[in-house]
Structure formats: C-alpha cells, structure tokens
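Novice: A single structure is presented below for examination.
The values are calculated or read from the model by the stated rules, or taken from the named source; none is laboratory data. Note that the structure is a prediction, hence the values are computed from the model and not measured. Using ideal geometry, Cβ is built from the backbone for each residue, glycine included, and neighbour counts are taken over all protein chains shown. Side chains are part of the model used for accessible areas, which takes the heavy atoms of the whole protein and leaves out ligands, DNA and RNA. Shrake-Rupley method; radii C 1.70, N 1.55, O 1.52, S 1.80 Å.
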Amino acid sequence: MKEFTDLREAARWADRMRAAGLSLGLVPTMGALHAGHLALIRRARSECDRVAVSLFVNPAQFGPQEDLSMYPRTPAEDRAGCRDSGADCLFWGQPEGSGSVYPPGFQTWVEVDRLSKPLCGEFRPGHFRGVATVVSILLGAFKPHRAFFGQKDFQQARLIQRLALDLAKGAEVVIVPTVRDADGLALSSRNRYLSTEERQWALAIPRALAEAERRWEAGEDRPSELEKGVRAALAAEPRLVIQYARALDAENLQPAAVDRIAALPSGVVLAVAALAGKTRLIDNTWLK
Ligand code: AMP
C-alpha cells in the first residue's frame with residue numbers, strides 16, 4: 001500500500017494507474033475508521049482495479065462551535081484497516097503547507113445550491129460548502145472512475161452525485177448501505193463520545209426508522225404518515241433532542257409532490273438528526 005501526504009504526488013500515482021488502463025476507486029474519509037468506512041473500501045475493492053482512500057479531517061466543513069480540534073484521530077488503526085480491506089493507496093491530507101489539500105492562497109469554493117439547503121444544511125451553516133469543496137478537489141486530483149460514499153450521510157451523498165454531474169467530474173458516485181452496530185445504532189466516528197446512557201437514548205433513532213420500514217413493507221405508502229410515525233416514536237425518548245425528522249423525496253430532498261412513495265422514481269428518504277447529550281447523530285432509511 002502506497003502512502004502519500006502530498007496531494008500532487010498522490011494525483012501522479014492516480015495518473016499512473018489510469019495510464020496503465022486500471023480502473024480507480026476513491027473512498028474519501030476523515031479517518032477514525034470503523035466498519036462502515038471499511039465496507040466502502042471493500043465495495044470499492046470489489047468494483048475497481050485500484051483503490052485509494054483519503055484521510056483528511058477537513059477544517060472547512062466544521063463550524064466554529066463544532067468538534068474540529070476534538071475530532072478523533074487513530075492513524076495506526078486507520079492504516080491497518082485500509083491495508084486489511086484492500087486499499088492500494090492511502091492519502092493523508094494536510095490542511096496547510098506544501099502539498100496540502102488547500103494550496104497557499106486558496107480562494108475557490110464549491111456550493112451545491114438547493115440540495116445543501118434542507119436537513120443538515122439548516123443546522124450546520126457552511127458545512128456542505130466545505131464538503132463539496134474538498135470532495136471537488138479530491139475528485140479533481142485522483143480523477144477516479146468511481147467514488148464511494150455512505151448512505152448514512154444521505155444528503156452528502158446526493159449532493160456529491162449532483163456535484164460530479166454538474167462539474168463534469170466523470171466519476172460515478174456509488175452510495176453504500178449504512179453499517180450498524182448489533183444494537184442497531186449506525187456506526188459513526190462520533191459514537192465514541194456517547195456515554196452508556198446517551199447511547200440508550202440514541203437507540204430510539206434506529207428503532208423509529210426500523211418501525212417505519214416495517215409499516216412501509218406492510219403497505220403504508222404515504223410519506224406524511226411515516227414521518228408522523230417516526231416523530232411519535234422519537235417522542236417516546238424525550239432526552240433525545242430532535243433537530244429534524246423528515247420524509248422527503250430522495251431525488252431532490254424536497255417534500256414529496258405526491259403523498260405516495262410508489263409514485264416517486266427515487267423513493268423517499270426518512271432522515272433524522274438528533275442530539276444525545278452533546279453528540280449530534282444522523283441516520284436515515286431510504287424507501288424505494
Ligand atoms: P466520515 O469519515 O465520517 O466523513 O465518513 C466517510 C465516509 O464513510 C462517508 O461517505 C460516510 O457516509 C461513510 N460512512 C460513515 N459511517 C458509515 C456507516 N455507518 N455505514 C456506511 N458508511 C458510512
């Protein structure tokens with residue numbers, strides 16, 4: 001496994017792979033890897049000749065009140081996880097200095113307009129601008145044939161699909177299903193902040209989403225009803241502070257034009273964000 005800290009050198013590695021006729025997959029992450037990240041790497045491994053993983057805690061996507069300096073960093077475990085999951089290239093992004101992700105004098109930002117407004121966009125101003133910008137830089141440097149993103153961050157994945165299309169990145173953006181712990185909680189680098197108690201509260205989220213899935217499978221096709229059910233299930237855990245619980249058209253993340261999932265080509269995403277203590281959690285289920 002090749003390792004780089006200089007973006008330009010990593011880009012030259014990617015150039016060589018493509019020049020050799022090999023298909024290239026890219027898995028962008030912020031490190032502190034868990035089984036969800038590794039599932040992306042393995043999926044990339046199964047679909048591409050060469051797999052690059054980027055690890056970069058991107059300052060631009062953290063708000064001033066957020067956990068940038070506290071964000072977990074586990075480089076030794078990350079390296080082992082990447083190697084064991086079949087990565088060929090590991091890129092350790094640097095926030096500044098020579099070879100950094102943002103070159104000195106940086107002043108070009110990418111904004112995905114409508115898709116970045118609802119859901120997390122309302123609660124994390126500037127977050128998606130930071131995400132879209134860094135992913136745009138990474139797609140430009142590696143020029144992968146495919147890039148892999150987790151469904152857990154559904155809005156992010158949709159926004160990047162849009163970005164790849166709008167900015168002619170030429171990469172197919174693949175959305176990989178959410179990996180969960182045995183108790184149902186979606187894996188997240190931030191779960192380690194949860195106390196035992198907070199984790200119990202947090203479990204109301206996967207429970208509410210699983211209940212909605214059951215109702216949908218049993219024939220409830222109205223997003224409005226499923227949204228109501230999710231809200232009611234979450235209300236049963238009052239210690240969880242709900243930021244949003246919405247059923248939206250999975251294509252544009254807007255309220256569905258017709259209240260019938262079967263009538264929507266991309267189906268509906270039921271998306272939740274909540275605070276368990278100080279830890280912000282997101283999760284969703286995609287009904288299609
Ligand atoms: P992060 O390091 O949190 O920015 O995540 C990097 C990538 O891993 C993103 O595409 C996430 O959507 C994805 N990811 C995070 N958690 C999970 C999970 N539990 N299952 C699948 N993918 C995930």
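Novice: Within segment 125-139, track down each residue that is surrounded by fewer than 22 Cβ atoms within 10 Å (Cβ to Cβ), within 13 Å of the ligand (Cβ to nearest atom) and more than 27 Å from Glu3 (Cα to Cα).
Specialist: Listed by number, the list holds a single entry, His127.
Novice: Say we look at segment 93-146 and pick out the residues that are among the hydroxyl-bearing types (Ser, Thr, Tyr) and in a loop (DSSP other than H, G, I, E, B); which of these is nearest to Asn252 (Cα to Cα)?
Specialist: The selected residue is Thr108.
Novice: Which residues, taken from segment 180-197, are more than 18 Å from the chain's Cα centre (by Cα), part of a helix (DSSP H, G or I) and polar (S, T, N, Q)?
Specialist: Thr196
Novice: Run down Ala164, Ala147, Ala157 and say which single residue is at negative phi, in contact with a Leu (Cβ under 6 Å, 6 or more places away or on another chain), touching a residue at least 12 places away in the same chain (Cβ under 8 Å) and within 16 Å of the ligand (Cβ to nearest atom).
Specialist: Details: Ala164 fails: in contact with a Leu (Cβ under 6 Å, 6 or more places away or on another chain); Ala157 fails: in contact with a Leu (Cβ under 6 Å, 6 or more places away or on another chain).
Result of the check over Ala164, Ala147, Ala157: Ala147.
Conditions (1) more than 19 Å from the chain's Cα centre (by Cα); (2) among the polar types (S, T, N, Q); (3) open to solvent by less than 70 Å² (accessible area, probe 1.4 Å), marked per residue:
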| position | (1), (2), (3) |
| --- | --- |
| Ala141 | yes, no, yes |
| Phe148 | no, no, yes |
| Thr178 | no, yes, yes |
| Gln200 | yes, yes, no |
| Leu203 | yes, no, yes |
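Novice: It is to be established whether one or more residues within segment 209-217 are touching a residue at least 24 places away in the same chain (Cβ under 8 Å), in contact with a Pro (Cβ under 6 Å, 6 or more places away or on another chain) and within 16 Å of the ligand (Cβ to nearest atom). Break it down stepwise before answering.
Specialist: Keep residues of segment 209-217 that are touching a residue at least 24 places away in the same chain (Cβ under 8 Å), which gives 209-210, 212-213, 216.
Among the residues that remain, those that are also in contact with a Pro (Cβ under 6 Å, 6 or more places away or on another chain) are: none.
Checking segment 209-217: not a single residue is touching a residue at least 24 places away in the same chain (Cβ under 8 Å), in contact with a Pro (Cβ under 6 Å, 6 or more places away or on another chain) and within 16 Å of the ligand (Cβ to nearest atom).
Novice: Same structure again: Is it fair to say Ala210 is surrounded by fewer than 20 Cβ atoms within 10 Å (Cβ to Cβ) and hydrophobic (A, V, I, L, M, F, W, C)? I'd like the intermediate steps shown before the answer.
Specialist: Details: surrounded by fewer than 20 Cβ atoms within 10 Å (Cβ to Cβ): yes; hydrophobic (A, V, I, L, M, F, W, C): yes.
Yes; evaluated as a whole, the condition is true for this residue.
Novice: Got at least one residue in segment 167-179 being charged (D, E, K, R), over 21 Å from Ala250 (Cα atoms) and either at pLDDT 95 or above or within 13 Å of the ligand (Cβ to nearest atom) (or both)?
Specialist: So the first thing to find is which residues in segment 167-179 are charged (D, E, K, R), and the list is 169, 172.
Those left that are additionally over 21 Å from Ala250 (Cα atoms): 169.
Keeping just the survivors that are either at pLDDT 95 or above or within 13 Å of the ligand (Cβ to nearest atom) (or both) gives 169.
Yes.
Yes or no, residue by residue, for (1) open to solvent by less than 20 Å² (accessible area, probe 1.4 Å); (2) assigned to a loop (DSSP other than H, G, I, E, B); (3) within 11 Å of the ligand (Cβ to nearest atom):
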position: Ala10; (1), (2), (3): yes, no, no
position: Trp13; (1), (2), (3): yes, no, no
position: Met17; (1), (2), (3): no, no, no
position: Leu22; (1), (2), (3): no, yes, no
position: Gly31; (1), (2), (3): yes, yes, yes
position: Gly36; (1), (2), (3): yes, no, yes
position: Arg43; (1), (2), (3): no, no, yes
position: Ser46; (1), (2), (3): no, no, no
position: Ala52; (1), (2), (3): yes, no, no
